[in-house]
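Please read the structure below before turning to the comments.
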Amino acid sequence: MYKVKTMTNKLITIQDAAKILGVNPETLRRWDRKEKFKAKRHPINGYRLYNEKDIKALLKKIQKGESLDG
């Protein structure tokens, strides 16, 4: 699995977020649509962006086997 060392509050792309989490980018799109893990949107092009801090928190949840709903 992808190791996360130091995190800042910068925004990352869906591709990078998917690599960190070990999921397909389409999975992140589905979670966004179902409001399980919402993405921020770039104001000009509408691309999904994720805060690294949020990705780190989600990665810990996934590693513990916790549900996205809880």
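Here is how the number arises for the chain: DSSP H runs of 4 or more residues each give -39500 (n - 2.57), the sum is divided by the residue count, and the result at 222 nm is -12500 deg cm²/dmol. The share of accessible area on the chain that comes from carbon and sulfur is 49 percent, using a 1.4 angstrom probe. Step through the table entries Lys10/Lys34; Lys40/Lys64; Lys10/Lys53; Lys10/Lys36; Lys36/Lys56; Lys38/Lys61, compare each Cα-Cα distance with 19 Å, and write down the pairs that go over it. As for pairs spanning more than 19 Å Cα to Cα, those are Lys10/Lys34; Lys40/Lys64; Lys10/Lys36.
Mind checking the per residue accessible area of the chain for me, 1.4 Å probe, whole number of Å²?
On the way: 5020 Å² over 70 residues.
That works out to 72 Å² per residue.
Look at the Cα gyration tensor of region 8-70: its axes a ≥ b ≥ c give a/c of at least 1.5 with a/b over b/c, and that counts as prolate.
Less than 5 angstrom separates the built amide H of Lys38 from none of the residues sequence-distant by 5 or more or on a different chain.
The values are calculated or read from the model by the stated rules, or taken from the named source; none is laboratory data. Predicted model only: the values in this text are computed from it and were never measured. Just the protein is used for accessible areas: all its heavy atoms, side chains included, with ligands, DNA and RNA removed. Shrake-Rupley method; radii C 1.70, N 1.55, O 1.52, S 1.80 Å.
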